[in-house]
Structure formats: structure tokens, C-alpha cells
Amino acid sequence: MSFQQRALIALALCAIIFVAFDFFSPKPEPQPEPAAAAAEADAKAKAPEKVAAVEEPEADEGPKSDVPAIDRELRNDRIALRITNRSPARGGILGGIELLSEQFKGELTATDSLRLGGAPTLELSLADEASDVKIPKNASFELRGAGADFVELGYRGADVEVVERFEQLGGYQAKLSITVTNRGKDPQDHRLHLTTRVGVADSQYDISRGLCRTADDLEEEDPGDVEDGPIHSSGPVTWAGVDNKYFGLFVVPQQAAADCEIRAGEGGFLQNRVSSGVVSLRAGESQTHVFGVFVGPKELEQLQAFDAVSGNELDLEEAINWGFFGGLSEALGRMLLGMLRWFYGLTHSWGISIVLLTVVVKLLTLPLTLKQMSSMKRMREIQPEIAKIKAKYAEDRVKQGQEMQALFARSGVNPLAGCLPTLVQLPIWFALYSMLSAAVELVHQTFLWLPDLTQQDPFFILPLALGVLMVVQNRMMPNTMDPAQAKMMRWMMPIMFTMFMLFLPSGLAVYIFANILLSIVQTAIQVGIRGDQAAKPA
């Protein structure tokens, strides 16, 4: 069996394992509906002893606050953010996120892109062993000021005053400034924590993550990674946050944070807590902690243009998963995404744009494909001699191998030449796969009968059609295997590939369908040309 055949079988087995794992793996607890989650959040707010976002020393409950509840909306042309004072120290200042783009209008992602189900996020905490001051768990911050693009909330205790100012900037950017003032008579230390959270979905494809960008690398943890306990990343931390496949909430400290911690939270959430270093304040002294905030879809240009806080290169675009070929996948992915957008500008259809992009990639890789087909043709021509050698030296594997190598040398055939073009094209295929998987531009985009190019085909038409096309393609390809192997590859590969494609986004299926269809057309043309040449008189 050739290397190419082994590689195909290995890929097919990986596909089966992937599907089986998705089917049999234990599913996370279902996330409550937004209304139910909101009711649950309100109930928890009335029973603080049942809530423990992080395992920290608990602050005193303090007296019940009579500060009126406040919800203020900040809005620009892309996003509306609801700022709340109901529980900034026990859930977060950000009580609601609404995406205003026509792309998301009327969809659940417009109001719950992070699957929070009505729960708040962007939570402030001083509850740390290193902090001399604490904020009572039931504290409500009073409204200190508000405008078209900012809300300022404050808490004033016996020995500390904390003021949070949330300012909405352009696009998906905001700035959060937290000022801590020592109102006591003695010096005080404090260590500030800011927690973000994301809901965990019952999906092996759209996985939620916690991200910590340290000086060394981008640390990313999913819910399975933190099942046995929280995972810490030591600083300096330049940015941190949570995301799912297409949307994210990231905080960028103006001064690098000391560390961050990713953990599983109650209620089906994944939490990321970024922490400052210990700050010492003399009596009457204040310290302001400034954080840039990105919240919204992970659009490449928006992530690249982030400038809510000044500093070094942030590389927020690292939150986009370009695949496992590293910088090569990212470079190819950006180039392919640019081409896809250019085609969309011409056609105003993302489905047609995917087909046109497939044609371009097919043309660019055509020389390699032709070389592969030529190698397979030469291998087929010497199959009778290979069969004779196998029969003659069936009991002597060493001699059989020597004779085979001699045959390849006489015929000018390189057994690896058929799979080398495939290996060269692998980075392109994986980059295209990752780009189509991560492009938020495809979310909720329809094409023909497909309601969403980022979701599986609801009628399984494309996967079944792909299986049929693969059978046709296998019958047209030059056969370099013995009949038993050929029969297995002809039927088993399409079946396994169809099973694999059942659960993948339909945008990927559109690409693969167009690619196989173009390959069949190319093979038919080559067969026709060879037939015409064979029919000509010598």
C-alpha cells in the first residue's frame, strides 16, 4: 500500500474517531434560557451565601444597601452595552450586550453572543489576602455621573472608596477606569481582580475558551482543561479574557497585570480573572487602574485596530484560531480571507464567494495536481510488473523490496511523487479550513437552502452529495491498488467522509463540494485528452 493510501486511511480513521467522540463524549450541563438565567441571577443576588465566583477570602456582608438600581445603556452604531450597578462586585458592571449589525439582527447572537443568558460580566473584586480593604458582597454602587458615552459608579465605605468609570469608544472598544482611594488613617494594600465570563455550549465545534496573553505565549484553556481545577498563568499579562468561536470579551490592562486565572464557574460558565500586583496607598492616596475593553465579534480589522489603551503591540488578533501550522496558517488564512471578502464585494453572496475562492485555489494548485495525476498514471502502467514481483518473491520480503526499487529506477517512477503534491498543499487546505471555520463574516449568512454557513446542513444534502461525488471521483482516478484495496477505498472512504461532514459547518461543505466537482471536471478533461491522443494514428 502506498504512502498516499495509508494517509487517506489515517485521515478517515481520524474522522471516525472525531465523530464517535462527539457522539459519545459526556455533554456539559445545558445552559439555561436567558429569561430563566436572569431569574436565577436575581435569585442569587438575594441569596449571596450561595454565590462564590472565585475562591477568595469573603468580604463582610456589610449593611444592606438602599442605593436604587440603575441600568444605563451606552450605544454606538455597532453595539449597545447595558451598564448596571445591581451587583458590580458580585457579577459585573456589564449587564447586557447587544450587537446592532444587520448581520445579527433578529438572531440570538444579537443579544447573547457570549451565552451569558442574562448574567452580568466584567466583575470587580478586592477580596484577596493581600488586600487590607474589601467591598461588601451585597454592595451596590451609586450613580456618580452619566453621559452619552460613559457611566460612573461609586462605592464609599468606612476605609475605602472605589469608583468605576466605563466609557464607550468607537466600534467594539471601551475603557474601564477603577480608582481606589484609601479613606483610612493608616497605609493600606490592595490587589484588584477583574473577572470576565462566557457561557459553555453543548458543542464540540464552538468551544468556549479562556485566554491569557503572557510575555511568552497565548495561553488558552477550554472547559475540559479546567475540570480538575483552575489554571494560573504568571505575568506580565498584556491582555486576557474569554471567547467562543466568533465572539469575545477581552480586557487589556494599561499596565501589564501580575497574573490571570481560568476556572470553571457556577451556572455553566468559564471564568477568567486577571489580577493586578499589590498596590500600597498612604492615607488619602488614590490609585487608578485602567483597562481597555474589547467586546463583540472577532473581526480581524477590529482586533488589529484596538487602541483603547496605549502600549506595545497587543496582537489581539491572536484570539482568531488560524490553525495548527502557526505563522504559515495565519499568513495564508489572512490572504484567503482577503480574497473571500473581495469576491463578496463583487457578488454580495458569501456562498458564491466561497465557490469562486475554491476555483482560485484550484487553479493555483493545478500544477501540483497535474504532477500527482501523472505520477499515478505511471504507477498504474507498471502495476502488472509490480504484481509479478510480489508473486515471485512472496516469501522473500527483502528481495521483493530490492526488485521493486530496481523497477522504479528503470521506469523513472518515484513512489512518493504521487503524495508529495498533496503534502505541499496540506498547509493551504488547513489554512482554508481554519479560515472558513473562524470567519465571523459567515455567521447567519444564507446560501441556497442553507440557513447559516457556520452551521451544519439541516437537511444533510451537501454531505450526502459529497459522498456520491467521491464515489464518482474514485472511479475516475487511476487505480494503483489491488482490486480488494480498490474496492475498500472506493466505498469506505466516501462513507467515512460523509459521516465526518455531517456535523461540520455548511460553508466548509460548500468549499469541499466545489473542490471535488472541479476535480471531477479536471479528471474528465484529462481522460478525454488522453483518449483523443490514443485514437490518433501513429
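FYI, it's all coordinate maths here, none of it is from the lab. Please read all numbers here as calculations on a predicted model, not as lab measurements. Positions of Cβ are backbone-derived with ideal geometry, glycine not excepted, and every protein chain shown enters the neighbour counts.
A few notes on this one:
- A full extension of the chain between A148 and S101 corresponds to an added length of 14.9 nm, given 0.36 nm per residue minus the alpha carbon distance.
- Peptides ranked, highest mean first, by Cβ atoms within 10 Å: ranges 503-509, 336-342: 503-509, 336-342
- Placing unit charges on the Cβ atoms of the charged side chains and taking the dipole of the stretch 34-319 about its Cα centre, the candidate lying farthest along the positive direction among A139, V226, A201 is A139.
- Fully extended contour minus Cα-Cα distance, from H232 to L426, at 0.36 nm per residue: 66.4 nm
- Residue order, fewest to most beta carbons within 10 Å, for S411, S276: S411, S276
- By other beta-carbon atoms within 10 Å, ranking I516, I231, I354 with the fewest at the front produces I231, I516, I354.
- Placing +1 on the Cβ of every Lys and Arg and -1 on the Cβ of every Asp and Glu, with no other charges, gives the stretch 34-319 a dipole of roughly 1120 debye about its Cα centre.
- Label-to-label distance, nm, for residues given as V468 and D159 (7 Å Cα→Cβ offset): 7.7 nm
- Normalised radius of gyration (Cα atoms, divided by 2.2 N^0.38 Å) for the stretch 34-319: 0.94.
- Spin-label model, S286/I525: points 7 Å from Cα along the beta carbon direction are separated by 7.1 nm.
- The simple spin-label model puts a point 7 Å past each Cα toward its Cβ; for R380 and T111 those points are separated by 5.9 nm.
- Compared with the alpha-carbon gap, the fully stretched path from D307 to M339 is longer by 8.9 nm at 0.36 nm per residue.
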